[in-house]
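Where a number appears in this text, it was derived from the coordinates with a stated rule and is not lab data. Please read these numbers as outputs of a predicted model, since none were measured by experiment. So basically every Cβ, Gly included, is an ideal-geometry build from the backbone, and we count neighbours across all protein chains shown.
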């Protein structure tokens, strides 16, 4: 039986809470109360993106100059600048022909190739992650890089009369189709009405199978030809290496980056629309099937051109977009260009480490990127399991 | 042909099964239509067909006298928005960025959000009382909050025809009524609204027009008071209910009294309690 005092205490306890809830309810605007007032646009995020673009861009330029100075023959940043200006026709050559050759013929093309390859791989990774709605997508993990390697090796080693980047593209495309078909076939019926949104884990497993297959074919083709140091050559294709790159490499990687990278960046809004899946993208006016084919085809083409000059360098496309997301969020208008800048910056330094750490011996640069990227990949896998 | 949504003899089959079967639907402009029916009746599919996510196999779909099949996808997205149920795999975007996705069909590939776009996004957030959540990460929101954000995203498309799939899922009572009052206000401002609803009570209380779908077919349609009667509710949902008049609004008030008696005794023994006979 409740005594009046207990009853009074209960009321005291509850009244303020009820009152508080009522107050809170009143403060939540109903549609009629909310009205359609105009809030000022929020420039904060855009300013942040611009700031990071400037920081990364400046860091990239400084890094290219710095990376060129690093190596067995000591050079000063001023030497690099002088050589570049002389070759651009501004100012007179002040360096000795030997030192100028080191800057202009050896190190500069290699550093620029590293920048173009890094930018392209990071861009491909970001685009693939959006289109497959899969945080683990990357040209290396999904087998595109190994497919492109097969194409490139067939041209270089067997001397098949095809343009190198075209063959690499064909290989990348074959690998992409194989991976997506395998992931789709393995998952048929288990995901309800979400074509295209393949399970990340299954896609990575399919990519692993395809990578292993194409990697074996690459090795086989090199062994078959058996000229010179085939082990080293196999390693360079499977792990990626920028040794021996020249201005032709810069033209292939840089040309592909401009020709395909710019349209990819221009499709940022389309990629944003995929955030809630295919149906939502379609309801926002996106041609889902056509966009996916064009954009994935573009990443295969770009990957092909990059792998043709560098072999399959892993994890750049995986880790850089995730890092950039932490800085500026997931909107692709910011994510894509900044990922490209960050990828360029990352690979310039990874390659500098690859060629100087064990000087005079060179590491394939893919070892460095895998040393950094492997743990990040593991972290992403674990985070997915938790969520 | 009316000013609003006009579907006639629409058919759609998936994997050989007819999911939408000869459906005729009319929702006049300026009214709130409720699409009701049991699970699997084809409500979501019908909304997808209207939004152009899937293409009908046969039949005519028109809005404001225009053939929807002839509209370009982008033009269609400027006039028709679909707010779907919240999904489990949330993108890594802020609430305001999610709502800004609604501007997609209004923007070119290179153009950023302009002053007007920002204003529309702000209005859409305000209409659902989401201003305080604008900079929160979408993935950290509760189901009900996500539902409201999805609705705000659809509003940011500035559609003439607003489609909603279960807009009241995950919402508490007040939020459910708030959402439906918003939909009614939108309809009264001249837009056409069609919402798939599970709650017959909400449909009866707010809709101008109810369309009952069962097994892909329209079994009844009209004003709530005409359509929602005990025989129909028993036939379609398999539950016993009395339909009263609401003491203050006069709208139908549905009082359930239990699951309808099963037709065959073995069904009653084997099927779970909530199964339909």
*Please identify which residues in the range B:7-21 have an amide N closer than 16 Å to a label point set 7 Å out from the Cα of residue B:69, following the Cα→Cβ vector.*
B:7-13, B:20-21
*Quick one: A:382, A:108, A:213, fewest Cβ neighbours within 10 Å first, how do they rank?*
A:382, A:213, A:108
*Taking all pairs of distinct Cα atoms, average 1/r, flip it, and tell me the Kirkwood hydrodynamic radius of the protein assembly as shown in Å to one decimal place.*
28.2 Å
*Semi-axes of the range A:203-359's equivalent ellipsoid from the Cα gyration tensor, sqrt of 5 times each eigenvalue, largest first, rounded to whole Å?*
32, 19, 15
*Give the span of the range B:35-82's Cα atoms along each principal axis, as three whole-Å numbers ordered largest to smallest.*
32, 22, 18
*Order of A:132, B:249, A:299 from fewest to most other C-beta atoms within 10 Å?*
B:249, A:132, A:299
*Relative pair counts by distance (%), Cα atoms of chain B, 5 Å bins*: 1, 6, 12, 15, 17, 16, 13, 10, 6, 2, 1, 0, 0, 0
*Using a Gaussian network for chain B with springs between C-alpha atoms less than 10 Å apart, which of these wobbles most: B:260, B:134, B:64?*
B:260
_Alpha-carbon centroids, the range B:26-95 and the range B:160-221: separation in whole Å_ = 13 Å
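What is the antiparallel percent of DSSP beta bridges lying wholly in the range B:5-228, to the nearest 5?
55 percent
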*Using Cα centres only, tell me the gap between the range A:276-290 and the range A:324-356 in whole Å.*
28 Å
*Based on other C-beta atoms within 10 Å, arrange B:226, B:145, B:240 from fewest to most.*
B:226, B:240, B:145
_Ratio Rg/Rh [Cα only; Rh per Kirkwood] for the range A:117-386_ = 0.96
*So what is the 222 nm mean residue ellipticity for the protein assembly as shown from helices alone, if each DSSP H run of at least 4 adds -39500 (n - 2.57) and you divide by all residues, rounding to the nearest 500 deg cm²/dmol?*
-18000 deg cm²/dmol
